[in-house]
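Visitor: The following block contains the structure, expressed as structure tokens.
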Ligand SMILES: Nc1ncnc2c1ncn2[C@@H]1O[C@H](COP(=O)(O)OP(=O)(O)OP(=O)(O)O)[C@@H](O)[C@H]1O
Ligand SMILES: [Mg+2]
């Protein structure tokens, strides 16, 4: 369903991703773990070209996508920029800092994409958005602006906003890291619900217990490379020195 | 000093009130028209400065530097006399005055808008991109509405400046408040009274505009958006 093929990326001199390869099958839940700065977020952001890779390709639903930027052909650049949103609309993403739109109500946050991306009429979009917000338990907050929501509620809005578009894959980037501890489990429960529904997901997380519970496969990254991929059991008993060191530092 | 002449005498001002009010009206009209034009131009210049095209960026940079750098006094003479000499464009006085003020203020506002747009966090644009919005849609539905709230207060200040700047348009003979006051003052030999009255009228206009912008900002924050001015008042509480 989603193939990452020799993706590399640098920020100036800093090689953040070095020839990364990964295949994610339909319905699979993959958790990415690794030390801070190892490139987990960057890899996730390359998948929907929020942060375009320098080289390599992303194959999504059998369609190949590469970064493109012509120095001279402005029109070709525009055409490319028009096409990218089609890929992104099929890939839902939830961020660490929620990034809900502060000038829109909860309902507007969720229906924006339905109206502007899916081109659904306003009334119908509101219905779909309402349903999506109900599923994350926010049916009583439809007309509220984000500054009156808790962190956990904002993150639910962000999840509903992504799910409303009915994406084929969901990407989560440390979505509980900015939350107060008592709100974490609620958000993790939302993800568990998606696991049960069979959603394809790629989850970057520092919540090890959760990762080992829900993941079909765990990816361990370090210094811009995928060091090891395996089932939770395989990773737990890993003999790979870096993965072992990382896990023992975290799991004690 | 001759005791038969009173020290202050506003009778002459009162008798010329119609002219002064007309001048006031023209000044306010020029300032308002100029600031609206300046906001439109300023927005386009700001978007150019933030665009990918090097040519647009360079143009916008030169534009901003030029109109912020040239004194209003010189600019108004360029527009009124310069255009006539160089391009044979003879603008009537009031349009020439409005265009001058619009050019000057668009230079300043474009910088305000640019920083307002940049102040909207990249996370907002990324979230917009992630749901599949195009660059254009991201600007229109996410970045600009948020930037608008950020630039509201500085735009109000710019409007206030524009009102006071209309006084300079008297040098090309725009019959605005300062010009009227000047003429009447010369006529009645009562400069102090006439200029003070003009000053009070400018002051009232400035107060009105400030109140209006505060009102709009209050309205915006009431619909749930914590804007920059609120943050400023919060800072004030701690000082
Ligand atoms: N836009 C950027 N410009 C420059 N450097 C960046 C940028 N984004 C990330 N980096 C750098 O790339 C490296 C990898 O960052 P990334 O955010 O992918 O790490 P991560 O594995 O997600 O870390 P964390 O667990 O702390 O979130 C880091 O050294 C980071 O400083
Ligand atoms: Mg990260």
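Visitor: Which of A:72, A:98 has the fewest other C-beta atoms within 10 Å, and how do the rest follow up to the most?
Guide: Numbers: A:72 7, A:98 23.
Ascending number of Cβ neighbours within 10 Å: A:72, A:98.
Visitor: Another question about this same structure. Can you bin chain B into rounded, prolate or oblate? Criterion: square roots of the alpha carbon gyration tensor eigenvalues sorted a ≥ b ≥ c, rounded for a/c under 1.5, prolate for a/b above b/c, oblate for the rest.
Guide: Working: a/c = 3.26, a/b = 1.66, b/c = 1.97.
Oblate is the answer for chain B, as a/c is 1.5 or above yet b/c matches or exceeds a/b.
Visitor: If one takes the longest principal axis of the Cα atoms in chain B, at what angle in degrees, from 0 to 90 and to the nearest 10, does the Cα axis of helix B:54-69 lie?
Guide: Taking Cα atoms only, the helix is inclined about 20 degrees.
Visitor: For chain B, find the longest principal axis of its Cα atoms and tell me its angle to the long axis of helix B:93-119, 0 to 90°, nearest 10.
Guide: Approximately 30 degrees, to the nearest 10.
Visitor: With the Cα gyration tensor of chain A giving a ≥ b ≥ c as the square roots of its eigenvalues, does the rule (a/c under 1.5 for rounded; else a/b larger than b/c for prolate; else oblate) give rounded, prolate or oblate? Mind showing how you got there, number by number?
Guide: Details: a/c = 1.90, a/b = 1.17, b/c = 1.62.
Note, shape of chain A comes out oblate.
Visitor: Provide a whole-number value for the mean count of partner chain Cβ atoms within 10 Å of the Cβ atoms in peptide B:119-125. Each step should come with its number before you reach the end.
Guide: Numbers: counts 0, 2, 3, 2, 6, 5, 2.
Per residue, the average neighbour count from other chains is 3.
Visitor: Now for a different question. Mind running the shape call on the range A:120-215? Use the C-alpha gyration tensor, a ≥ b ≥ c as the square roots of the eigenvalues: rounded below 1.5 for a/c, prolate if a/b tops b/c, oblate otherwise. All intermediate terms of the calculation are to be shown ahead of the outcome.
Guide: Working: a/c = 2.36, a/b = 1.37, b/c = 1.73.
Since a/c reaches 1.5 but b/c is at least a/b, the shape of the range A:120-215 is classed as oblate.
Visitor: Residues of B:62-68, mean number of Cβ from any other protein chain within 10 Å of their own Cβ, rounded to a whole number?
Guide: Working: counts 0, 0, 0, 0, 0, 0, 0.
Mean partner shielding for this stretch: 0.
Visitor: Counting only DSSP beta bridges with both residues in the protein assembly as shown, tell me the antiparallel percent, nearest 5. The partial results should precede the final answer.
Guide: Values: 20 of 37 bridges.
The antiparallel proportion sits near 55 percent.
Visitor: OK, next. Return A:139, A:8, A:111, A:36 ranked ascending by Cβ neighbour count within 10 Å, so the fewest neighbours appear first. List each step's numbers first, then the result.
Guide: Values: A:139 12, A:8 16, A:111 27, A:36 7.
Arranged by neighbour count, lowest to highest, A:139, A:8, A:111, A:36 become A:36, A:139, A:8, A:111.
Visitor: What does the structure give for A:97-106 when I average, per residue, the other chain Cβ atoms found within 10 Å of the residue Cβ? All intermediate terms of the calculation are to be shown ahead of the outcome.
Guide: Numbers: counts 3, 2, 10, 3, 7, 11, 13, 6, 2, 0.
Going residue by residue through A:97-106 and averaging, the value is 6.
Visitor: Please give the Cα centre distance for the range A:35-50 versus the range B:132-178, rounded to the nearest Å.
Guide: 40 Å
Visitor: Taking the Cβ of each residue in B:212, A:179, A:114 as the centre, tally the other Cβ atoms inside 10 Å and list the residues starting with the fewest. Could you put the intermediate results ahead of the total?
Guide: Values: B:212 12, A:179 20, A:114 24.
By the 10 Å Cβ count, ascending: B:212, A:179, A:114.
Rule-based calculations on the coordinates, nothing more; no lab input. From a predicted model like this one, the values you see are computed outputs, not experimental measurements. Quick reminder, even Gly has a Cβ in these numbers, built from the backbone with ideal geometry, and neighbours come from all protein chains shown.
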